[in-house]
Structures are given as C-alpha cells and as structure tokens.
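Before any comments, here is the structure.
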Amino acid sequence: MMNFDLIKPEFLKRADQYLLTHYPMIWQTRIIWVAFYSLSLFTLAYLFGDYFDHEPGEILYPDLDVGYNHYLVDRQDRLAFGQIPLFLSALAVFYWLYIQYQHKIDYSKLNVAGFLGVIALNFACIVLILLPAVGLAFSAFDITRLLNEVLRDVQITLTLGLSAAVLPFIIREFSLIEIVLVVFAGFVYCFLIAIGLRLLLGINFNSGVTGALFLNFWVFVAIISVRFYQKTYTQQTKRLALLCLLSFTLAFPYALYLLDVYPNVNRAYREIAHRHHIFTLKWLAANIFVVLSMYGMFVYFMYRSLLFPIKRK
Amino acid sequence: MNKIISERSIELDLLLQDENLPRAINRLLDFVQDFSTNPQFVTNALQISADQRQLARSIEEQSLVNYQEIDQKNQQIAQRIADLKQKIIEVYQLAIQVHAQNTREHETTNVPTADAAFIPAKGAESFPPIMECYGLTKMYRKSGFTLANIDLQLRLGEITGVVGENGNGKTTLFKVITGNLQHDSGKIGFPLLQRAKHANGVNWIEVKSEIAYVEQELPSWYGTLKQNIQLELTQHGITGSQNERDAAYILERLGLTEHAQKKWSELSGGYKLRFALAKALVWKPKLLVIDEPLANLDVRSQRIVLNDMKDLAKSAKHPISIIISSQHLHEIESIADNLVFLQQGQMKFSGEKEDIGSDRQHNFFELSCKLDKQALDGLLTGLPVTEIEHNGLSYVITGTKELEGQKILQALLHQNVEIEYFRNISNSAKRLFL
C-alpha cells in the first residue's frame, strides 16, 4: 500500500496539526489536503492535457459543425479527457465522504452561522476535488463545443452533488448499506409515482409529474419537520429526511420555475448548466448560495433534534 | 482534603515498597493530575513513565541483563517517583494555606478569592446524584421485550455494575440513560448536569456534552490514534499546548504512547478498547457508560482496564460516575460499588454490592472437584446441606445459613479430596443467576 506520508510536505503537516489542536471544524473537512492534492493534480492534468493538445479542426475535420458526430466517433477525446476524469473525481468525492463518515464530529456546540461555515468549507472541498477534471478538459480541448459539453457535465455534477456538503453532519446516523437502500428506494418510489401518474391519469411527464413529485417532496419535508420538532422521530423519519436532503437539489429547479425565475420547467432544469451559461452568476446565486443556505438551516435543526432520544418501536 | 492526599501518598509509598513500579507510575500520574496544576510536574511524571517503559523494554528484549544495573535503575525511578510526589504535596499544602488565607480575606473585605480550582471539591456523597431514574420503562412492540420499572441513582466517584444474561435489557438501559433511545414511561433526570429546566424534561444537548458512551461494538475511525484523541480534546475546548499535554497524559496513563501513531486497523481488540476509553476519558466527562468492555479482552487486559477504570472513577479532582455492564461477574464485583441485576427486563436487585444476599435464607457455594454427586453427597452428610446441583461446570451446594465454607472444606480435605475450585457465592451477584 502506498505511504502517502512520503508525499506530504512538512509545512502542511504542521498546518494540519495546528488546525487539529485549534480549529477542529476546519481540520475535519481535510481542506488543506484536498486543496494540496487537487491543485497538484490540476497542474499535472493541465500539463498532461497540453501534451495531447492538437488542432483536429484544422487537419482532420475542416468543418466541425457538420462533422462533429463523426469526430466524436473517430476520436474518444470527450470520454478520455472529460468524462473519465469526472467519474474519477466523483469517486474521490465519495472517498472524502467516507472519511467524513469515520470522523464522529460533535457539532452540537455550533450555531447556525457555524453550520453554514462548515457547509461552505465542505462545498469548497467538493469544488476542489472536481478541479483536476476541469484542468484536463481546459488543456486538452481546443474545440469550444467539446469543452463546453464537459464543463456542463462538471456543473451538473456539482449542482446535484450539493447535498454532499451537508452529508457529513448526518451521515454517521446511518449504516452504509442503509444509505444505498434509501437512494435506491427513492428512485423506485419516484419512478412508480411517475409511471402511475402517466398511465392512470395521463399527466404530462415534464410539468405535471415533476409538479406532483415537487408537492410530494414538501409533504415529506413537513412530516419530518414536525416529527423532529416534537422529538418523536423514528429511524424511518431519519431515512425519509436523508432522502429529502439528497433530492432537494432535484426539487429546487422546479421551485425556481414556480418563482418565475425561468419561463418553463425544462428551462429551469436545463439552466442548471446550459451550454451558453456555464458557471454564471445566476447559477451561483440560485443553485449554490440559496441551496447551501437552506441546507445549512435545515441540517442545523435536524442535527439538534437528533441529539434527543429516538423513538423506536 | 489533607486526608485524601495523605492516603494517596501512603498508597504510593506502599507500591514503591512492593517495587510495583508500573502500578506506582500509574498512580503517580493520577496523583499529579489530582493534586497539581503545574505543567512541569505533569511533564516530569510523563518522563518518569517513559523512562520506566524504556527500562522494561530493555529488560524484556534482554539488552539489559545485569541484575545490579537493573536494580539500580529501578531504584532511581522509584526515587524520582518519591521526589516528585513530595514536591507535589509541598506545593499543594502551600496552595491550601493561600486558599484559606484568601477565603478569610474574602470574608472580611469581600474581594474575589484566589483561584483554587485545582483544590479538589467536597466528597462525592454530599452531591446530588448525577443521574436518577424512577419507574423507567421501555417496550419494544415488535419483539415484545419490555425493560420495566428501573429505579437507579448514579453518583460521582461510584462504579455501578449492571449484570444479567444476554437479551435482558442492559444495552437498552444504557441507550436510554445516554439519550439514544426514548423511554415509554417513568422519569429520568440529571440533577448535576442540567442547569435549567427544559420543555422536554431533559435537555439532551446540554446533558450529552457531559456523558461519554462506549458502545459494545467500537466504531472505526480515520487517522492516527493520537489525532483522534487530540480532536476529542479540541472539540471540548481544550486547545494549544494544553491539548498536547492532555493527549500525552492520557496516552501514557492508558499505556497507549507506543501506539500513538497507529491507525484503527493496526490495533488489537484490547488496544481498541483502551483507545475508546482514552477518547471517552480525556475530556473528563461526568458520566461514563461502558457496554460489555471485557467481552473480547484477555485476562491481563481485563485487569488493566478494570484497574484503570477504578482509579479514574475515584479521582479526587475529576471524579466520574461509571456504569458498566458485563458478563464477567467476578471482575465487575471487584471494582463496583453498586450492582444492578436485570432478568428478563426486570430489575431483580439494585443497591450496594455488600447488600446482595443480605436477606437470604440460604448459603450458596461453588465447588469443582473430581467427585461424583453421590460421593460428594456422602462426604457432606451431617452438614446442613439442602441441595447439591451440577451446572455443567461445577457443583452448587445450597445449605441453611448455618452452613459455612470452612466446614465444607474441612469435610472434603479430611477425605483427601482434591479441590480444583471453591467459592462462597452467598453474597455474590453470581447467586442471582442460579
């Protein structure tokens, strides 16, 4: 097994030790190590991508707008320099979550601002973990269309992965298999609702089914909020809360549509990462700031409720 | 207060006389923790402990074989222990005098008293209980199991042992006490831990910050052992150099210094438990709840862990209330002040361990020997024996209260019977399992 200690700079070890003995909430995010490894990998990825840099548009595919699909079939750039690194980065996010799972951090002394601060740090870690994939894409792709597609994938992953920033607060409440089963059950539940509404009531998939699931989502949120407030929660309530937290990023674009931020449902979901509006201020404000703030307040409420005894039947 | 320090001083002297250096060093570490706030004394004690450990290793590895040299080094360490103890006592007595003087001045001039935070507080018995519950009941509808009518009081400095067969409600009781499981009826309170009343009865956010719970299944952790200890300290507001000192102290005290840089997967079961104890004790909780800690330990580790728990619970400066469950009756009885016996969710006994069997009608003895039941019965004829049973491992001899162990032994030894094991269990929790 590789000994990572050999590639850890001494000054970072000292900084890590300082954080450990002074600022445990920053230390537990492992942000300095995430930043160190991610920025190092970003640099390597950038140099590596530059090595493979070429001008396919000028040599093999003079008219890329027409022959773009042929280009994608002939070459696997998008897969090799875009999606595989993104997949590996996503795995790294899971590894980071596993480390968080192993830390049993006591957040009970934090106030709301503290929760929001830790969530912001967690989010910064996730952004940093995705950075090498962006670096590789930037250096390897000279075709704007190809680059935009990869960046859009990164942005979708980042948006949908926002819930990872709050999982460290509650992840220890569940076993790993329980988390997998909750996600699976959520998929099955949404799928059955969608099929049922479509087949039995003939409701339109795009707006009708999404609207019904959105309403359903808030009913669940109301139930778990009451249960937590009254301190009468059970393990099932906790599982439902986990499902709601994970699916909030899916429900949120529909709320933006209802608030008239977007003219239609499709637009609301596509604007998560529209190819011409990648990493815009609108996306940052709506999908990052608002979602993380709402997450922070809900998790603060949920975490403090979980300190009270569970009602088990 | 002087009585406590002099008793502890005598205990240390006796250990040094017996040349029991490992135990003397443990008690020196407790001594410095209880009666001193001087970081230099702590550092000195840690250094003596490290030197003793080094010496023990040299002897074990046979790099030091000269008996005279070993003896000389042992004596040097013993002398250093005695010297440090004396210094601590001198500073402590001086502090007591200053404290008394300040108190007198305070009474006359109403000025703030000197900081005498390190002077141990009054006796534990004068405090209200740290936890009390009355008629506590928890029912599982699915399995039908009910833990019913639990009346219990836990006090600082006392160890309460909870015994009972598997599935009799020990873990359920612990989960309720630690606020991990809601009870159905009855009352639970933490008079010493909760400052103000709360709408839901117990403010678990406040109370849980003073309770350490070591579960039977120890959870894994990330990073090194020392990092986790330091994290625990920082989370409880102990930062900077104090953090380093306290971490070093608890690691040395629980014999973990040599394993400080190890990770979870590199530790054996015994060291994992000691790590869990270190993590639980390092921030000085008021209540320590330990579920079946002895289950996976060898005999030597059991003895070490139990001794440590006993010492730390009775700390003069930071006494802890410990509630511990185990199947190892003899071991639990040896350290517990109070015992609780659970049977099918009912509390069959709760009180001081000396009170077990005080209202008994019979005496009970365990005997292991190579005789068959008939022969044994024959040998004990004439004694007030009412029943002899074999439980698979040994005989259980039941008799009237007039039946004495000496008489049984005399009868057997008179016939040259080889006795493998004999114990009077009339006042032991073991008789509750019969």
Where the only charges are on Cβ atoms (+1 Lys, Arg; -1 Asp, Glu), what is the dipole of the protein assembly as shown about its Cα centre, to the nearest 20 debye?
2060 debye
Contour minus Cα-Cα distance for B:Asn74 and B:Glu258 (0.36 nm per residue):
64.2 nm
Carbon-plus-sulfur fraction of the accessible area of segment B:3-115, 1.4 Å probe, in percent?
48 percent
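A:Thr234 to A:Ser207: extension gain in nm, 0.36 nm per residue of separation minus the Cα-Cα distance? Kindly include the intermediate steps, with their values, before the conclusion.
Details: separation 27, 0.36 × 27 = 9.72 nm, distance 3.33 nm.
Gain in length upon complete extension: 6.4 nm.
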Expected output for segment B:216-251, residues with a loss of 50 Å² or more in accessible area relative to the chain alone at probe 1.4 Å, reads B:Tyr222, B:Gln227, B:Leu231, B:Thr234, B:Gln235
With springs connecting C-alpha atoms under 10 Å apart, model chain A as a Gaussian network and identify which of A:Ser225, A:Ser207, A:Ser38 has the largest mean-square fluctuation.
A:Ser207
Measure off 7 Å from each Cα along the Cα-to-Cβ vector at B:Glu402 and B:Phe433, then give the distance between these two points in nanometres to one decimal.
3.2 nm
In segment A:233-313, carbon and sulfur make up what percent of the accessible area (probe 1.4 Å)?
63 percent
How big is the Rg/Rh ratio for the protein assembly as shown, C-alpha atoms only, Rh by Kirkwood, two decimals?
1.06
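Tell me which DSSP H helices of chain B clear both cut-offs, 27 Å or more of axial length from alpha-carbon atoms and a mean Kyte-Doolittle hydropathy of at least -1.0.
Values: long enough: B:39-60 (31 Å, -0.38); B:67-109 (62 Å, -0.96).
Passing helices, by number: B:39-60, B:67-109.
Taking the Cβ-Cβ separation of B:Gln40 and B:Ser63 as r and a Förster radius of 51 Å, what is the calculated FRET efficiency to the nearest 0.05? Present the calculation step by step, with values, prior to reporting the outcome.
Details: r = 31 Å, r/R0 = 0.60.
About 0.95, to the nearest 0.05.
Are there GluC sites (Glu not before Pro) in segment B:217-283 that DSSP puts in a loop and that have at most 15 other Cβ atoms within 10 Å, and which ones? Before the final figure, lay out each step's value.
Working: sites: B:Glu217, B:Glu232, B:Glu244, B:Glu252, B:Glu258, B:Glu266; in loops: B:Glu217.
For GluC sites (Glu not before Pro) across segment B:217-283 that sit outside H, G, I, E and B with at most 15 neighbouring Cβ atoms in 10 Å, the list reads B:Glu217.
Counting other C-beta atoms within 10 Å, and keeping those with at most 11, which DSSP coil trypsin sites (Lys or Arg not before Pro) do you find in segment B:328-372?
Values: sites: B:Lys348, B:Lys353, B:Arg360, B:Lys370; in loops: B:Arg360, B:Lys370.
Filter output for segment B:328-372: B:Lys370.
Note the full-extension length gain between A:Arg304 and A:Asn264 as 0.36 nm times their separation in residues minus their Cα-Cα distance, in nm to one decimal. Spell out each step's value before the answer.
Values: separation 40, 0.36 × 40 = 14.40 nm, distance 3.77 nm.
Taking 0.36 nm per residue and subtracting the Cα distance, the gain is 10.6 nm.
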Using the Cα centre of segment B:364-409 as the reference point, and only Cβ charges (+1 on K/R, -1 on D/E), how large is the resulting charge dipole? Debye, rounded to the nearest 20.
100 debye
Among A:Tyr18, A:Tyr295, A:Tyr269, residue whose mean-square fluctuation peaks in a GNM of chain A (springs only between Cα atoms under 10 Å)
A:Tyr18
log₁₀ I(q)/I(0) of segment B:362-433 at q = 0.13, 0.15, 0.23 Å⁻¹, via Debye over equal Cα point scatterers, no solvent, to two decimals?
-0.31, -0.42, -1.06
Suppose we compare each residue of segment A:1-49 in its chain alone and in the full protein complex with a 1.4 Å probe; which ones drop by at least 20 Å² of accessible area?
A:Gln17, A:Leu20, A:Thr21, A:His22, A:Pro24, A:Trp27, A:Arg30
Shielded by partner chains, segment A:268-312 residues - at least 40 Å² of accessible area, 1.4 Å probe, vs chain alone:
A:Leu307, A:Phe308, A:Pro309, A:Ile310, A:Arg312
Over 26 Å (Cα to Cα) - which of A:Lys238/B:Lys175; A:Lys13/B:Lys279; B:Lys170/B:Lys401; B:Lys170/B:Lys263; B:Lys197/B:Lys272 fall in this group:
B:Lys170/B:Lys401; B:Lys170/B:Lys263; B:Lys197/B:Lys272
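Report the B-A buried area as the accessible area lost on both sides summed, probe 1.4 Å, in Å² to the nearest 100.
Summed over both sides, the interface buries about 2800 Å².
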If the elastic network links every pair of Cα atoms under 10 Å, which of B:Thr398, B:Thr224, B:Thr103 fluctuates the most in the Gaussian network model of chain B?
B:Thr103
Skip the ligands, DNA and RNA, and give the accessible area per residue of the protein assembly as shown with a 1.4 Å probe, whole Å².
50 Å²
Once you treat every alpha carbon in chain A as an equal point and sum by Debye, what is log10 I(q)/I(0) at q = 0.12 Å⁻¹?
-0.95
Three-way shape label, segment A:193-313, alpha-carbon gyration tensor, a/c 1.5
oblate
Counting only protein heavy atoms and using a 1.4 Å probe, what share of the accessible area of segment B:150-205 belongs to carbon plus sulfur, as a whole percent?
43 percent
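Using a Förster distance of 22 Å, how high is the FRET efficiency between B:His390 and B:Glu165, based on the Cβ-Cβ distance and rounded to 0.05? Working shown, then result.
Working: r = 20 Å, r/R0 = 0.89.
After rounding to 0.05, the efficiency reads 0.65.
Quick check on segment A:65-192: what are the equivalent-ellipsoid semi-axes from the Cα gyration tensor, as sqrt(5λ), descending, whole Å?
Details: eigenvalues 232, 67, 30 Å².
Semi-axes, largest first: 34, 18, 12 Å.
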Given 10 °C and 1.306 mPa s, compute D for chain B with the Stokes-Einstein relation, Rh being the Kirkwood radius over Cα pairs; round to the nearest whole µm²/s.
64 µm²/s
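Per-residue ellipticity at 222 nm for the protein assembly as shown, helices alone: DSSP H runs ≥ 4 residues times -39500 (n - 2.57), over residue total, nearest 500 deg cm²/dmol? Please list the in-between numbers first.
Numbers: 27 runs with 400 residues, N = 747.
Taken over the protein assembly as shown, the calculation gives -17500 deg cm²/dmol.
The values are calculated or read from the model by the stated rules, or taken from the named source; none is laboratory data. All figures in this text were calculated on a predicted structure; none of them were measured in a lab. For neighbour counting, all protein chains shown are included, and Cβ atoms are generated from backbone atoms with ideal geometry for every residue, glycine included. Just so you know, the surface numbers come from the protein's heavy atoms only, side chains and all, with ligands and any DNA or RNA stripped out. Shrake-Rupley method; radii C 1.70, N 1.55, O 1.52, S 1.80 Å.
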